[in-house]
There are 2 protein chains.
Amino acid sequence: MLHEIPFQEILQKIKELNAEKVLIQTPEGLKREAQALAEFLERKGIEVIISGDINYGACDLADREAKMLGCDVLIHLGHSYMQINLEVPTIFVPAFAKVDIVKALEKNLAEIKKLGRKIALITTVQHIRDLERAKQFLEGEGFQVFIGKGDNRVSFAGQILGCNFTAARVGEDVDGILFIGAGYFHPIGVALATKKPTLAINPYSGDSAWMDKEVEKIVRKRWGMIAKAYDAKTFGVIISTKKGQLRLGEAKRIMGLLKEHGREAQLIAMNYINPEALEGFDFDAYVVVACPRVPIDDAERWRKPVLTPPEVELLLGLREEYEFDEILGGKREKDEPFGISLKLPKR
Amino acid sequence: MLHEIPFQEILQKIKELNAEKVLIQTPEGLKREAQALAEFLERKGIEVIISGDINYGACDLADREAKMLGCDVLIHLGHSYMQINLEVPTIFVPAFAKVDIVKALEKNLAEIKKLGRKIALITTVQHIRDLERAKQFLEGEGFQVFIGKGDNRVSFAGQILGCNFTAARVGEDVDGILFIGAGYFHPIGVALATKKPTLAINPYSGDSAWMDKEVEKIVRKRWGMIAKAYDAKTFGVIISTKKGQLRLGEAKRIMGLLKEHGREAQLIAMNYINPEALEGFDFDAYVVVACPRVPIDDAERWRKPVLTPPEVELLLGLREEYEFDEILGGKREKDEPFGISLKLPKR
């Protein structure tokens, strides 16, 4: 298996909680591990239900479902804790990738040097445990390395999410940003959020890529989407019922802006936001005030224009520079442990 | 519009409840009507959110979502009340089709006569208001017509659901069953449940169809599915988190049967049950203990065998005759009104 799941430690926590019945929730990449964990726990006498719904992050927590199904505990695999009101005790089990990120840095040292000497270092939760080692390696190579603390949507210094790049804002005027991780969505967001040269290094393939071209490509596409919405009269403003994505205040702000500018707006709530489910409605355009990835990753699947909140401001002429949608949190007190982390409902 | 939605009556009920904020939930076929109702209510000063999630019936009620979104009332369009524990006051608004069912009966009188003189008459909620008129017409033509009461998953005598054919069991040895409505799923279930000749009349097209060939076709397909599961060692037993489809007891019974017969079984909970979400798991076969339509309507989309609970009994040799999966309720006291119907949470 590509990821380490600490079965014994999880069992230990379940026993400490005197729990008899647990719900396991997992992202796509850990479904086999979830199945193996379920088998292990059932052999130990724990009753287990696996959540089969596709999980998109800690923002999409199945604690309500756990409660409804009579489970004492939710085991959430693959993501670290995010500030959220829990309905049952929840064990967060981040899954760390077994891949050597320093090796990928060594291989790309020449590219990294093009960033300048003063850099901010960021990654996703899978590689967060190795970030300090990466920092030391880079310092050994003469770089001045900054790791931002981030707000309380993340659990660790240097950690970014697809909806939160606060850890990339290090409070120093760095020359550039070094992102370690797979995929371009995160580093594109960072490049847009920081306006700094951003290099992404994929620790699995060992490849590196500069984000400027990717940013240009995506921003051009998004302006095309905004243009498609210019004449739209009626907007469906979509909020999510996933608890870490519910942004009712932001949705109302966007509805207000649209109405002030002579457009009609109707609030729509959805769990799984997808264009097919909206086909039956008669809106000219949509705004997704939920996970910022939804309108961008799935843009091709929508027949109607679909915008993010900052894109509505661009549409209405209230903003000039393109910006990614971001969900910000409050102040973060301290890092979570690198291992499993138990969080209890607030009384 | 094809369906009548009584806007004024709904507003009246909302005012009686002193509600300020409502969630509207609607099946696919009434999404435009839901949008128009939202506009109407907002003009009257009511704050409205529309649920954009695809709705599959009264079993799939968004009362939890309404509560979470701070709505005082849920307006559920298109389905009549089903016995369920509510979290917010809910206004059920059945949508009656504007189509003359007696005309379709007149046209098909020769076929109906082939059923025999003593018949049971059933329909779906869309046409329920016209059922008495249909009965009178048929009695005028010399038939002896029986309308079954059904259990408390339905709201009206003579009403059947895709998961409940109790109204077709009229307590009399009828010669055959006459179903009025669109689609074959319901009358196939009835033919299997009653083992009686069943004629389906589509009031929109005016066409009629005998169910014996359809039953044969579907039963042959289902036996093929059961055969595909013969060697399966591990079963994912899927329950639904939709509150009117949650059958935990039945799922445990099926898990017990599988284990007694040397198979492994793991309980999986899902909101939107679909094969794509299960791709990441490593089960040999699945059992859907939720909406009976899911494993049958979508059979082609599953790469792994997917069975209903009665099909597991056939697989294990515990049953011989093919039977549709059915969700049964308790005793039903009285019919709901034909208009809108307000139901309050139990204290």
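The values are calculated or read from the model by the stated rules, or taken from the named source; none is laboratory data. Here the structure is a predicted model, which means the values were calculated and not measured. Virtual Cβ from ideal backbone geometry, glycine too; neighbours counted across all protein chains shown.
Table for the structure above
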read-out: Single match in A:Lys221, A:Lys195, A:Lys233 (criterion: surrounded by fewer than 17 Cβ atoms within 10 Å (Cβ to Cβ) and without any contact (Cβ under 8 Å) to a residue 12 or more places away in the chain); value: A:Lys195
read-out: Filtered residue count, segment A:236-259, keeping only those that are under 21 Å from the mean Cα position of the chain (by Cα) and loosely packed, with under 13 Cβ neighbours inside 10 Å; value: 1
read-out: Any hit, segment B:83-99, residues being touching a strand residue (DSSP E or B) at 6+ places or on another chain (Cβ under 7 Å), part of a helix (DSSP H, G or I) and surrounded by fewer than 23 Cβ atoms within 10 Å (Cβ to Cβ); value: no
read-out: A:Gly189 being without any contact (Cβ under 8 Å) to a residue 40 or more places away in the chain and under 21 Å from A:Gly244 (Cα atoms); value: no
read-out: Condition met for A:Leu23 (within 16 Å of B:Ile268 (Cβ to Cβ), in contact with a Cys (Cβ under 8 Å, 6 or more places away or on another chain) and touching a residue at least 24 places away in the same chain (Cβ under 8 Å)); value: yes
read-out: Failed item, numbered, when A:Ile340 is tested on (1) surrounded by 21 or more Cβ atoms within 10 Å (Cβ to Cβ); (2) closer than 30 Å to A:Ile5 by Cα; (3) among the β-branched types (Val, Ile, Thr); value: (1)
read-out: All positions within segment A:289-308 that are closer than 18 Å to A:Lys252 by Cα and either of a type in the set (Ser, Thr, Tyr) or touching a residue at least 60 places away in the same chain (Cβ under 8 Å) (or both); value: A:Cys291, A:Pro292, A:Val306, A:Leu307, A:Thr308
read-out: Segment A:18-36, subset touching a strand residue (DSSP E or B) at 6+ places or on another chain (Cβ under 6 Å) and not charged (D, E, K, R), residue nearest to B:Gly280 (Cα to Cα); value: A:Leu30
read-out: Residue list for segment B:34-58, filter: charged (D, E, K, R), in contact with a helix residue (DSSP H, G or I) (Cβ under 7 Å, 6 or more places away or on another chain) and more than 9 Å from every other protein chain (Cβ to nearest Cβ); value: B:Lys44
read-out: Output for segment B:205-241, where each listed residue is in contact with a helix residue (DSSP H, G or I) (Cβ under 8 Å, 6 or more places away or on another chain), over 13 Å from B:Val312 (Cα atoms) and part of a helix (DSSP H, G or I); value: B:Met211, B:Asp212, B:Glu214, B:Val215, B:Ile218, B:Val219, B:Lys221
read-out: Scope segment B:263-291; condition surrounded by fewer than 24 Cβ atoms within 10 Å (Cβ to Cβ), away from chain A (no Cβ under 11 Å) and within 11 Å of B:Ile239 (Cα to Cα); matching residues; value: none
read-out: A:Gly244 assigned to a helix (DSSP H, G or I) and in contact with a helix residue (DSSP H, G or I) (Cβ under 6 Å, 6 or more places away or on another chain); value: yes
read-out: Long-range neighbours under 7 Å by Cβ, at least six apart or interchain, first residue free of Cβ contacts under 8 Å to residues at least 60 places away in the same chain within segment B:89-108, second surrounded by 22 or more Cβ atoms within 10 Å (Cβ to Cβ); value: B:Val102/B:Ala134
read-out: Residues of segment A:231-262 that turn out to be more than 19 Å from A:Leu328 (Cβ to Cβ), among the charged types (D, E, K, R) and either facing chain B (nearest Cβ under 10 Å) or out of contact with any strand residue (DSSP E or B) (no Cβ under 8 Å at 6 or more places or on another chain) (or both), as a count; value: 2
read-out: Meets criteria (surrounded by fewer than 22 Cβ atoms within 10 Å (Cβ to Cβ) and either facing chain A (nearest Cβ under 10 Å) or over 15 Å from A:Ala269 (Cβ atoms) (or both)) for B:Gly116; value: yes
read-out: Residues (more than 12 Å from chain B (Cβ to nearest Cβ) and surrounded by fewer than 23 Cβ atoms within 10 Å (Cβ to Cβ)) located in segment A:62-79; value: A:Asp72
read-out: Cβ pairs under 9 Å, 6+ apart, first in segment B:331-347 and within 14 Å of B:Gly78 (Cα to Cα), second modelled with pLDDT under 85; value: none
